[in-house]
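Take a look at the structure below.
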Amino acid sequence: MNSFNYLSPKTIEQAISLSGQYGEKAKFIAGGTDIVVKLKKGEIKPEYLISLRKIKELTKFFKDYKTGELVISAMVTHASLEKSLIIQNKYPIIYDAVSNIGSLQVRNIGTIGGNLINAVPSADGAIPLIALDGIAVLYGSNGERFVKIKDLFVAPYKTILKPDEILKKIIIPKQAQNTGSAYIKFGRRAAMELPLVGIGVLLILDNDLKTCLKARIALGVAGPVRDSIRGKAWYRKEIIQVQVKRMGLKCLEIINNNYC
Ligand SMILES: Cc1cc2nc3c(=O)[nH]c(=O)nc-3n(C[C@H](O)[C@H](O)[C@H](O)COP(=O)(O)OP(=O)(O)OC[C@H]3O[C@@H](n4cnc5c(N)ncnc54)[C@H](O)[C@@H]3O)c2cc1C
């Protein structure tokens, strides 16, 4: 691993300014669970690492009861989400995803922001946020911009983020009544394994609990080129057909249980 300078700004503005100053020579680091692997393998050789850990604003996580929105800042860890009662009770799709990421150690330091910006097709954290129609708030030298999470990704390992921008937070819009959501990380092993396919489903029913008002399906590792070391395209297609239906049924169960 090459040597580098480790910078610890205390505000988002300082982080952006440092990134602007060092340009391509610098990289942001959050929990480090993805980037340190790349550093060790020599895949990237930044001269400066700009740590986001001391920026308090990036750790905010709350439900805004005026707007009904859920705000998850970029440095919120998978473990914080997993432990949250709001996530457990109201956003089961997020709970299903984050509680199965890596190991406890990885979840304790790995952040939702790092998971999104690393932009691997198997990112467990991204699928639920797409299904929930989440919005990413990006912040750079030109100020803030709001982008739907479904539009954040351009290609594997590539997002629309500009070099001097950071992901500040994610906003999940107010959930409609009678909403159910579920995620399954489908793979050979339950722990310490990236998904063969990640499947997220969100269902909104009318008050009769029979009419479907909206259904959203988000899939991970299911792009146009699907063969990989973890599985062939034909197998993935079969799994998707079966598991989307199962997740839809799970959503119905959640809605009915909440209604009783
Ligand atoms: C053993 C192991 C098991 C794992 N298992 C899983 C798994 O099951 N499922 C899964 O999805 N992932 C898994 N991962 C990957 C990883 O833990 C997650 O993707 C994690 O959420 C990354 O977050 P981080 O904070 O560690 O990101 P970092 O490694 O710090 O950063 C990742 C990338 O995002 C950029 N970045 C980070 N935050 C920001 C920000 N706010 N704004 C702009 N850029 C930013 C960094 O510059 C870097 O390029 C695993 C990793 C390991 C080592």
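Observations
- Here Asp96 meets each of (1) away from the ligand (no atom under 11 Å from the Cβ); (2) touching a Leu at 6+ places or on another chain (Cβ under 6 Å); (3) within 25 Å of Leu194 (Cα to Cα) with one exception, condition (2).
- Answer residue from region 94-117, given it is free of Cβ contacts under 8 Å to residues at least 40 places away in the same chain and surrounded by fewer than 18 Cβ atoms within 10 Å (Cβ to Cβ) and is nearest to Gly248 (Cα to Cα) among those: Leu104
- Val120 satisfies every condition listed in (1) surrounded by fewer than 19 Cβ atoms within 10 Å (Cβ to Cβ); (2) hydrophobic (A, V, I, L, M, F, W, C); (3) more than 8 Å from the ligand (Cβ to nearest atom); (4) under 14 Å from the mean Cα position of the chain (by Cα) except (3).
- Qualifying residues in region 35-47 (those that are in contact (Cβ under 8 Å) with a residue 40 or more places away in the chain and surrounded by fewer than 19 Cβ atoms within 10 Å (Cβ to Cβ)) - the one nearest to Gln105 (Cα to Cα): Gly42
- Residue selected from region 17-32 under the condition of a type in the set (Ser, Thr, Tyr) and surrounded by fewer than 21 Cβ atoms within 10 Å (Cβ to Cβ), by the criterion farthest from the ligand (Cβ to nearest atom): Ser17
Conditions (1) assigned by TED's automatic domain parsing to the domain that holds Val98; (2) polar (S, T, N, Q); (3) under 26 Å from Arg107 (Cα atoms); (4) surrounded by 18 or more Cβ atoms within 10 Å (Cβ to Cβ), marked per residue:
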position	(1), (2), (3), (4)
Arg188	no, no, yes, no
Leu205	no, no, no, yes
Leu219	no, no, yes, yes
Lys237	no, no, no, no
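- Residue count, region 63-93 (criterion: assigned to a loop (DSSP other than H, G, I, E, B), away from the ligand (no atom under 12 Å from the Cβ) and touching a residue at least 12 places away in the same chain (Cβ under 8 Å)): 5
- Qualifying residue in region 43-50 (condition: within 14 Å of Ile166 (Cβ to Cβ) and more than 9 Å from the ligand (Cβ to nearest atom)): no
- Residue in region 151-161 that is under 19 Å from Ala119 (Cβ atoms), at pLDDT 95 or above, away from the ligand (no atom under 15 Å from the Cβ) and not in a strand (DSSP E or B) present: yes
- The condition of being within 14 Å of the ligand (Cβ to nearest atom) and surrounded by fewer than 16 Cβ atoms within 10 Å (Cβ to Cβ) holds for Lys56.
- Extreme residue, farthest from the ligand (Cβ to nearest atom), among residues of region 162-189 that are in contact with a helix residue (DSSP H, G or I) (Cβ under 8 Å, 6 or more places away or on another chain) and among the basic types (Lys, Arg): Lys169
- Glu165 touching a Gly at 6+ places or on another chain (Cβ under 9 Å) and over 25 Å from Glu69 (Cα atoms): no
- Residues (within 19 Å of Asp96 (Cα to Cα) and surrounded by fewer than 22 Cβ atoms within 10 Å (Cβ to Cβ)) located in region 159-171: Ile171
- One residue from Gly198, Gly180, Gly125 being crowded, with 22+ Cβ neighbours inside 10 Å and touching a Lys or Arg at 6+ places or on another chain (Cβ under 6 Å): Gly198
The values are calculated or read from the model by the stated rules, or taken from the named source; none is laboratory data. Keep in mind the model is a prediction, meaning the values are calculated, not measured. No Cβ is skipped: glycine too gets one built from the backbone with ideal geometry, and neighbour counts run over all protein chains shown.
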